[in-house]
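Q: Have a look at the structure that comes next, please.
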Amino acid sequence: MAGEAGRLLSGFGRRYAVVVRVATLPPIAAIGLLRSSSAEFTATAVVVAAAVVWTCVQGRWRWRGQIAVDVVVLLGLCLTVFWTGAEADGNTGWLRLLVVFACVTWQWHTPPLTGALAALIAGGGMLVVFAAAGLDLSASQVWVPVMAAMSRAAWVLVTRAAERADRMAAEAEKVRREAAVAAAVRAEERELVNSLHDTAATTLLMVGLGQVPPGAAWLAPQARRDLDRLRALDGGRTSPEADLVELLRADLGTGHLTVELDVPPRLSLPSDVAGAIAGAVREALNNVRRHAGTDRGWVRLRGDARTLLVEISDEGRGFAAGDTVTARRGLRESVHGRMNRVGGTATITSAEGVGTVVRLKWSS
């Protein structure tokens, strides 16, 4: 059984077999001693002590061939009926119980063939010894192999249930992995679309709408930055942390929008968080450039690596609270969407003629 449930069950079978055999020792030993005649009490006590010691030893350590040795020792204990005089007073019940519990519990931690052979040899050998001693064989003694077979059947049912549990867990894990892969692909596609919208698409749209004056010096550097950012999306594994301030400064040299930064010298954050916040700020500034009717904006950063607030503001034309501009894709995906995906929030405050303030909040 290769699954987790199978491995746990395998260890449990071994441990529980030891517990059962050790737990039944006190009543078995009591039966052997109490039913012994006074003349044979000393000899019986020695055999009972040997049985107790052996049961504890084989339960404490596990080695190759242990089951075979266990069978031999149990048959040797059965042979002591000739020495203790048990063939005369019929004091064999405790030996029968010792063999029965061994045959039953072997089935919980051995291969089927090994467990069956051990039960047949131990149970059959006990019957042969008792018959040779002239003892009457009770029905319970004859049924020892049958009880071992019933124990094996019950263990097989439990094992199959564990295998079914492992298969169900494996299928659930497969579904979870597939869902995680699909979610990662969707997230990557969404980020690619957002980055395309925030960079090249926005620049090209401004050119197409005639918002870029002829010979604008900032256009070529901006186009290069757009292409570099798109290439970086396929640049492989990123570092665990990134400097948010550095990312914010990277987009301010375009010349087509004057941005005043009020930020600390450095603020390291997890790369995905820093990237999301920087992307949201970039899109907010794009909206200032495209819609606010002003060439000046402000970015203010306060906080630390545990909690922070970024404010992007302008003194442009603004918009009414119910304006559909708040439902545009750039704000919905590139600002709100990015912040939501890293556990942050974005709020937009604006009114006609008084400008707009975008607040980005995040805490770890």
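The values are calculated or read from the model by the stated rules, or taken from the named source; none is laboratory data. Quick caveat, the model's predicted, so the values are computed rather than measured. Note that each Cβ is placed from the backbone with ideal geometry, even for glycine, and that neighbours are counted across all protein chains shown. Keep in mind that these areas ignore ligands, DNA and RNA; they rest on the heavy atoms of the full protein, side chains included. Shrake-Rupley method; radii C 1.70, N 1.55, O 1.52, S 1.80 Å.
Q: Within the stretch 119-132, identify whether any single residue is open to solvent by 40 Å² or more (accessible area, probe 1.4 Å), within 51 Å of the chain's Cα centre (by Cα) and more than 22 Å from Ala30 (Cα to Cα), and answer yes or no.
A: Going residue by residue through the stretch 119-132, those that are open to solvent by 40 Å² or more (accessible area, probe 1.4 Å) are 120-121, 128, 131-132.
Now restrict to residues that are within 51 Å of the chain's Cα centre (by Cα): 120-121.
Imposing the further condition that a residue be more than 22 Å from Ala30 (Cα to Cα) reduces the set to 120-121.
Yes, there is a match, as at least one residue in the stretch 119-132 is open to solvent by 40 Å² or more (accessible area, probe 1.4 Å), within 51 Å of the chain's Cα centre (by Cα) and more than 22 Å from Ala30 (Cα to Cα).
Q: Moving on. Looking at the stretch 95-117, is at least one residue in contact with a helix residue (DSSP H, G or I) (Cβ under 9 Å, 6 or more places away or on another chain), more than 21 Å from Val20 (Cβ to Cβ) and touching a residue at least 40 places away in the same chain (Cβ under 8 Å)?
A: Checked the stretch 95-117: no residue is in contact with a helix residue (DSSP H, G or I) (Cβ under 9 Å, 6 or more places away or on another chain), more than 21 Å from Val20 (Cβ to Cβ) and touching a residue at least 40 places away in the same chain (Cβ under 8 Å).
Q: Another one. Restricting the first residue to the stretch 55-70 and requiring it to be modelled with pLDDT under 90 and basic (Lys, Arg), which pairs with a second residue that is in a helix (DSSP H, G or I) and open to solvent by less than 60 Å² (accessible area, probe 1.4 Å) meet a Cβ separation below 9 Å and a spacing of at least six or different chains?
A: Qualifying pairs under 9 Å: Arg60/Val18; Arg62/Arg14.
Q: Where the second residue is among the charged types (D, E, K, R) and surrounded by 15 or more Cβ atoms within 10 Å (Cβ to Cβ) and the first is touching a residue at least 12 places away in the same chain (Cβ under 8 Å) and part of a helix (DSSP H, G or I) and lies in the stretch 1-20, which pairs have Cβ atoms under 9 Å and are six or more apart or on separate chains?
A: These pairs meet every condition: Glu4/Asp166; Ala5/Glu163; Ala5/Asp166; Gly6/Glu163; Gly6/Asp166.
Q: Within the group Val185, Val281, which residue is at pLDDT 65 or above, open to solvent by 60 Å² or more (accessible area, probe 1.4 Å), of a type in the set (Val, Ile, Thr) and in a helix (DSSP H, G or I)? Show your work before the answer.
A: Working: Val281 fails: open to solvent by 60 Å² or more (accessible area, probe 1.4 Å).
Only one candidate qualifies: Val185.
Q: Quick one: in the stretch 148-165, of everything that is buried (at least 17 other Cβ atoms within 10 Å of the Cβ) and of a type outside the set (Gly, Ala, Ser), which residue is farthest from Leu117 (Cα to Cα)?
A: Filtering first and then ranking leaves Thr159.
Q: Consider Leu261 carefully, then state whether it is modelled with pLDDT of 80 or more, open to solvent by less than 30 Å² (accessible area, probe 1.4 Å), not in a helix (DSSP H, G or I) and not small (Gly, Ala, Ser).
A: Considered against the rule, which asks whether it is modelled with pLDDT of 80 or more, open to solvent by less than 30 Å² (accessible area, probe 1.4 Å), not in a helix (DSSP H, G or I) and not small (Gly, Ala, Ser), Leu261 comes out as no.
Q: Just to be sure I understand, how many residues within the stretch 43-68 are within 19 Å of Leu127 (Cα to Cα) and open to solvent by 40 Å² or more (accessible area, probe 1.4 Å)?
A: 1
Q: Hey, another quick one. Looking at Leu267, Leu360, Leu301, Leu331 in this structure, which one is of a type in the set (A, V, I, L, M, F, W, C), crowded, with 17+ Cβ neighbours inside 10 Å and modelled with pLDDT under 90?
A: Numbers: Leu267 fails: modelled with pLDDT under 90; Leu360 fails: modelled with pLDDT under 90; Leu301 fails: modelled with pLDDT under 90.
Only one candidate qualifies: Leu331.
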